[in-house]
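Let me begin by handing over the structure; questions about it come next.
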Amino acid sequence: MTIAVDLEGRPFHFIGIGGIGMSALAQVVTERQLPVSGSDIRRSHITDRLADLGAQIFDRQDAANLAFFQEAVSAGQSPQVICSTAIHAHNEEYQAAIDLGCPVFHRSDLLAALLRVYEGIAVAGTHGKTTTSGLISYLLYQAGLDPTVVIGGEVNALGGNARLGQSQYLVAEADESDGSLVKLQAAIGIITNIELDHPDHYCDLEAVIATFETFSTNCTQLVANWDCPTVRDRIPGTISYSLDPARGADYTVDQISFRGSGTQARVWERGEILGLIHLPLLEAHNLSNALAAIAACRHLGMDFASIREGLAGFEGARRRFEFRGSAQGIQFVDDYAHHPSELAATLAAARLQIDSGCSRLPEVPKRLVAIFQPHRYSRTQAFLAEFAQSFGPADLVLISDIYAAGERNPGQLSGQTLADAIAQYQDNVHYAPDLDAIEAALHKLLQPGDLALFLGAGNLNQVIPRLLEFYACDRSAA
């Protein structure tokens, strides 16, 4: 007999509670007044926020953490233990939970349980999930529809990556990386695009498509991006959107203007003009994300005037071209891009701001310096050729070693391997193995007028505060 997640009062314990997806779930169940505890290997503003909300936080992953529940176990109320795919059976805290007889669930099981309680809007796709789910959440919130939110990035306007609302709506980012997407059922599903991004889990693109096909059958309505040929041909959905009016999608745009300060377009709904939108986000991929949000919100009955007003005020999610500060004329920006398609889109957005002479940043930059930390050996190896060709818009490229994310090196693969591959297409490429070396290299390479764009899903952005402190002193950037 399968044990279901209990949302009626049984305590929760999260192993790895500080992760961006785990913490969002932990926040929602904490705010639902359920007993919550969790552990992580380091404290952060996210774990501090959870502690402020009432969660018990342990700053290490240790079997002793489960002793906290001995009284509950004796009373037959052992905690429900929530893990991500990153937690393996050899983790001693996980093993202690098994030994105590605690029910152990994957984080997707808890998200699936929450989606069954609410009228769920689940945003899936290889790219654009966080921005699209953030947009929908913000539009609903601004319209007074008070959604519950569980997304994989922090949105300042929403106070973080999660919130407990009082309406029937729940907006969730639906992750395909480990195949658990197939567990989720939603009133509205969204597929932004489909590519192979996790070769550590999927053998090929067909395996990825199969996961999305199952997800699509679990959704009452499916909003599908017809600009992605895989989605259009294999999973066309019940509601479609496209930036190309010739595709005949339900929602489309024309009169598009991409500027360094944002994007403007006229929106059509099933052959009728809705009106102009002004989006303070850059490039076609974010206009596509906005169109997906419009389609979902219109299906929920929102008037276009409210949608247009909300879009104009949305400033994006953290680590999505996030301005972190400037010093001595150098502007520092942090971005989560870690797949070749994401890199190409982010670098194009940065280049647009330089070439157009108009920027969302405090000053228009003169030179684009791309600092990239490859994420996972499996991804770097699978897309080495694509990564090598992704840095064309940059004036200077600096590559670090690969952030392993728990993977083992399959051979002699390193950041130097990628730097050498990029050098076939780029004249100005440098390699620095670790964060200290990256910092030291940038002391010499950066100059006034630079946009220092930090790219990757690992820990590269930890260098940014150190560099800001360095350049804030009376030193020459040269």
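The values are calculated or read from the model by the stated rules, or taken from the named source; none is laboratory data. The structure presented is a predicted model; accordingly, all values stated were derived computationally and were not measured. Heads up, the Cβs are rebuilt from the backbone with ideal geometry, glycines too, and the neighbour counts pull from every protein chain shown. Protein only, heavy atoms only, side chains kept; ligands, DNA and RNA dropped before computing areas. Shrake-Rupley method; radii C 1.70, N 1.55, O 1.52, S 1.80 Å.
Being farther than 11 Å from Glu173 by Cα and open to solvent by less than 10 Å² (accessible area, probe 1.4 Å) is the filter here; which residues of the stretch 129-148 pass it?
Listed by number, the residues that qualify are Leu135, Leu139, Leu140, Pro147, Thr148.
Going by the structure shown, is Ala246 surrounded by 21 or more Cβ atoms within 10 Å (Cβ to Cβ) and closer than 21 Å to Ala290 by Cβ?
For Ala246, the condition - surrounded by 21 or more Cβ atoms within 10 Å (Cβ to Cβ) and closer than 21 Å to Ala290 by Cβ - is not met.
If you scan the stretch 270-284, which residues turn out to be outside any strand (DSSP E or B), more than 21 Å from Gly248 (Cβ to Cβ) and not hydrophobic (A, V, I, L, M, F, W, C)?
Pro280, Glu283
Now for a separate question. Within the stretch 1-66, considering only strands (runs of 3 or more DSSP E) that don't extend past its boundaries, which have at least 2 residues that are touching a residue at least 60 places away in the same chain (Cβ under 8 Å), buried (at least 19 other Cβ atoms within 10 Å of the Cβ) and within 24 Å of the chain's Cα centre (by Cα)? Write out each step before concluding.
On the way: elements: 12-15, 36-39, 56-58.
In the stretch 1-66, 12-15 are the strands (runs of 3 or more DSSP E) which contain 2 or more residues that are touching a residue at least 60 places away in the same chain (Cβ under 8 Å), buried (at least 19 other Cβ atoms within 10 Å of the Cβ) and within 24 Å of the chain's Cα centre (by Cα).
Assuming Arg376 fulfils every condition listed in (1) farther than 23 Å from Phe332 by Cα; (2) over 25 Å from the mean Cα position of the chain (by Cα); (3) not hydrophobic (A, V, I, L, M, F, W, C) apart from one, which condition is it?
Just one mismatch for Arg376, condition (2).
Please find, within the stretch 193-209, the residue that is surrounded by the fewest Cβ atoms within 10 Å (Cβ to Cβ) out of those that are within 18 Å of Leu384 (Cα to Cα) and of a type in the set (D, E, K, R).
Of all residues in the stretch 193-209, those within 18 Å of Leu384 (Cα to Cα) come to 195-205.
Keeping just the survivors that are of a type in the set (D, E, K, R) gives 195, 197, 200, 204.
Details: Glu195: 17, Asp197: 23, Asp200: 16, Asp204: 9.
In this case the residue turns out to be Asp204.
I'd like to check something: does the stretch 406-415 contain any residue that is surrounded by 20 or more Cβ atoms within 10 Å (Cβ to Cβ) and over 26 Å from Gly260 (Cα atoms)?
Within the stretch 406-415 (the criterion being surrounded by 20 or more Cβ atoms within 10 Å (Cβ to Cβ) and over 26 Å from Gly260 (Cα atoms)), the answer is yes, since at least one residue qualifies.
Now for a different question. Residues that are under 25 Å from the mean Cα position of the chain (by Cα) and part of a loop (DSSP other than H, G, I, E, B): does the stretch 435-455 have at least one?
Within the stretch 435-455, not a single residue is under 25 Å from the mean Cα position of the chain (by Cα) and part of a loop (DSSP other than H, G, I, E, B).
Picking from Ala162, Ala143, which residue would you name as being of a type in the set (A, V, I, L, M, F, W, C) and within 17 Å of the chain's Cα centre (by Cα)?
None of the others qualify; the one that does is Ala162.
Would you check which residues across the stretch 149-163 are surrounded by fewer than 24 Cβ atoms within 10 Å (Cβ to Cβ) and modelled with pLDDT of 95 or more and list them?
Passing the criteria: none in range.
Regarding the stretch 105-117, can at least one residue be identified that is over 30 Å from Ala290 (Cα atoms) and of a type outside the set (Asp, Glu)?
At the first step, the residues of the stretch 105-117 found to be over 30 Å from Ala290 (Cα atoms) are 105-106.
With of a type outside the set (Asp, Glu) added as a condition, the list becomes 105-106.
Yes, the stretch 105-117 has at least one match.
What number goes with the only condition from (1) closer than 22 Å to Leu110 by Cβ; (2) outside any loop (DSSP other than H, G, I, E, B); (3) open to solvent by 10 Å² or more (accessible area, probe 1.4 Å); (4) not aliphatic (A, V, I, L, M) that Glu213 does not pass?
Glu213 satisfies every listed condition except (1).
May I ask you to verify whether Thr126 is at pLDDT 95 or above and open to solvent by less than 40 Å² (accessible area, probe 1.4 Å)?
no
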